[in-house]
Amino acid sequence: MSDIWFSGRVRFAIIIDTIGLDGYYDSVYLFRATGFEAAFQRVVEIGHNNEQSYFNGDNQQVVWKLAGIISLDIIRSESLDGAEIYSEPVPGEDSSWTIEHEFHPELSEPTQTV
């Protein structure tokens, strides 16, 4: 069986030694595997490889621990150019917009997540 592209969304728990759980951080990884079970094992491995521990500016130990696998999806695309690897519904901002409303995506100022 040839390798298939997958995306896996993992959740890290961020724990501060003097505070406890401070929150979660989700990351999406793109990788190849021979099938779904192999992909699951691979995304768990990737998640564990990205766990980290450091001391913050207040000299508190901060630990990122893999808390769970949120999603695991086959990328159904012949080429990765333009392939969708993540999507989610987001609440609307203004319910008064009509079909005629014009958006201007070219004016967007995107941020970087990493």
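Each value in this text was obtained by applying a stated rule to the coordinates, not by laboratory testing. Bear in mind the structure is a predicted one, so any value in this text is a computation, not a measurement. Quick reminder, even Gly has a Cβ in these numbers, built from the backbone with ideal geometry, and neighbours come from all protein chains shown.
Key figures for this structure:
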| read-out | value |
| --- | --- |
| Unit charges at the beta carbon, dipole of the stretch 1-73: most positive-side option, V63, V44, I16 | V44 |
| Descending principal axes extents, the stretch 1-73, alpha-carbon based, whole Å | 50, 16, 14 |
| Part-to-part distance (alpha-carbon centres) for the stretch 72-88 and the stretch 39-56, which is given in Å | 22 |
| Gain on full stretching of the segment that runs from Y54 to D94 - 0.36 nm per residue minus C-alpha separation | 10.3 nm |
| Counting DSSP beta bridges with both ends in the chain, the antiparallel % (nearest 5) | 100 |
| Distance between modelled label sites at V44 and I16, nm, 7 Å Cα→Cβ extension | 3.2 |
